[in-house]
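Encoded as structure tokens, the structure appears first; notes follow it.
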Amino acid sequence: MNEAGKRSWLHDLRVYLEPPVARMLLLGFSAGLPLLLVLGTLSYRLREAGIDRTTIGFLSWVGLAYGFKWIWAPLVDRLPIPVLTRLLGRRRSWLVLAQAAVVAGLVGMALTDPAVQLGALIGFALLAAFGSATQDIALDAFRIESAALSRQAAMAAAYQVGYRAAMITSSAGALWIAAALDPDEQTYQHAPWVAAYLTMAALMAVGIVTVLFSSEPKREISAEVLSREQAIAGCLGRLDIPQPLRRLLAFVHAAVYSPFQDFLLRYRWHALLLLALIGTYRISDIVLGVMSNPFYRDMGFTKDEVAAVSGVYGVIMTLVGAALGGVLSLRLGVMRVLFLGALLSAATNLLFAWLATRGHDLAGLVFVISADNLSGGMASAAFVAYLSGLTSLAYSATQYALFSSIMLLLPKFLAGFSGWVVDHHGYTSFFLGTALLGVPVMILVLLAGRNARTRAAVQAGAPST
């Protein structure tokens, strides 16, 4: 029996009480709060304000800020912020700056009426999304550098619990606040949404306070990476160019070129397989997600019903799935849970196609949300652990930002056309299509798992099986 089999489940669950793991609950809350406020909850608000589904689908491209964050990730990884970095350290200073940008964006969204100022509201949504994506870059690096690889699945699970708790707040909480202050569910009222979004902006204080009371993680850079960077710095030092330009070239090489070079050197041609898996793993859920709230609205579900079932109960099921995924990853291995999550995530999209034939069926909604969110939480915990294992500690912010950006880029782009598909083909066909998108993902997981076993066998000096 292996070591994992000898340990009790209670022993494994104690990992969630370790301080670095427990801290990720609060930081995960800070990361998860803005997401639905610029996507899911916003789509419900826009639909209620009379914005058509096709427009809502295209406006979901605000979320592409998360897909392009690799562009400025090298700055977050290496560039110090005047005064703040000296006081807080590199990771914590970028976290506080990003959280301030999120607060500013949410306040702007609160005070802007989409019925008459749609362009301005989207501008503030972009600011909030940009700040949120920047927070993700710094927070992912903070998480990876704060614990050993053996703890990354638990760190990811704790992060997901905090993240999903924030999603309860930013979906159910925002909807409940808006519903409580809305005198008429049948017509759009701007004032209730002002109160809801201002409350969400105030709750970003959870993340800010946590960062201020946390310690800066220590970075351990391998001798190989240090030697490579020192060799390049020596070559640049011999160039007959002005000192400022030499420093700029050294920064660009260390912060921009080296992270990509390091990944390719470690995985070589297998990097293409890994990038393909990363770029498609969450495609079924992300493409479906843009139309979920408009779907609930069109099926006749009220804000209170959506808040209770999708916003609270559904997120609780996601938390259970995330915790289960973290423990199963410790016991069974990340790749097995990764495949199971991909299979279940695609299969549960078929349940939405079934629900589309039922109309306003509250029991059916509870059943679908239960299955979908449980599998989604399990898949997310395993996937975050998988991505964390691919990164080098020398370039954790840039490499993880690259991976998570690739994860979102294609799905977010396709999701922009989701409203057009629903308008022209209906919800049932749309949901069936999102389920089929998950089939290639399962094949890629199997290939990546075989590749990982081969690499491990070669490194151990044993023949692969």
task = For Ala133, state whether it is modelled with pLDDT of 90 or more, of a type in the set (A, V, I, L, M), under 14 Å from the mean Cα position of the chain (by Cα) and part of a helix (DSSP H, G or I).
result = yes
inquiry  = surrounded by fewer than 24 Cβ atoms within 10 Å (Cβ to Cβ) and assigned to a helix (DSSP H, G or I): which single residue out of Leu95, Leu75 fits that description?
reply    = Leu75
query = Within region 261-351, which helices (runs of 4 or more DSSP H) (wholly inside it) include 1 or more residues that are under 23 Å from Leu410 (Cα atoms) and either touching a Pro at 6+ places or on another chain (Cβ under 7 Å) or of a type outside the set (Val, Ile, Thr) (or both)?
reply = 270-280, 283-298
key: Residues that are in a loop (DSSP other than H, G, I, E, B) and either under 30 Å from Leu84 (Cβ atoms) or aliphatic (A, V, I, L, M) (or both), drawn from region 170-220   = Leu181, Met204, Phe213, Ser214, Ser215, Glu216, Pro217, Lys218, Arg219, Glu220
query = Tell me, which residue of region 155-192 that is in contact with a Lys or Arg (Cβ under 6 Å, 6 or more places away or on another chain) and crowded, with 19+ Cβ neighbours inside 10 Å is modelled with the lowest pLDDT?
reply = Met155
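Is it the case that Leu355 is more than 22 Å from the chain's Cα centre (by Cα) and surrounded by 17 or more Cβ atoms within 10 Å (Cβ to Cβ)?
For Leu355, the condition - more than 22 Å from the chain's Cα centre (by Cα) and surrounded by 17 or more Cβ atoms within 10 Å (Cβ to Cβ) - is met.
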query = Do the conditions hold for Leu46, that is, is it out of contact with any Phe, Trp or Tyr (no Cβ under 7 Å at 6 or more places or on another chain), farther than 26 Å from Val320 by Cα, at pLDDT 85 or above and surrounded by 20 or more Cβ atoms within 10 Å (Cβ to Cβ)?
reply = yes
request  = Could you list all residues from region 258-298 that are of a type in the set (Phe, Trp, Tyr), modelled with pLDDT under 85 and surrounded by 20 or more Cβ atoms within 10 Å (Cβ to Cβ)?
outcome  = Phe263
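Test Gly389 against the stated conditions and say whether it is in a helix (DSSP H, G or I), in contact (Cβ under 8 Å) with a residue 12 or more places away in the chain and crowded, with 24+ Cβ neighbours inside 10 Å.
Against the criterion (in a helix (DSSP H, G or I), in contact (Cβ under 8 Å) with a residue 12 or more places away in the chain and crowded, with 24+ Cβ neighbours inside 10 Å), Gly389 does not qualify.
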ask   = Do we have any residue at all in region 78-88 that's buried (at least 24 other Cβ atoms within 10 Å of the Cβ), touching a helix residue (DSSP H, G or I) at 6+ places or on another chain (Cβ under 6 Å) and touching a residue at least 60 places away in the same chain (Cβ under 8 Å)?
value = no
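The values are calculated or read from the model by the stated rules, or taken from the named source; none is laboratory data. All of these numbers come straight from a predicted model, not from anything done at the bench. When we count neighbours, we look across all protein chains shown, and the Cβ atoms used for this are built from the backbone with ideal geometry, even at glycine.
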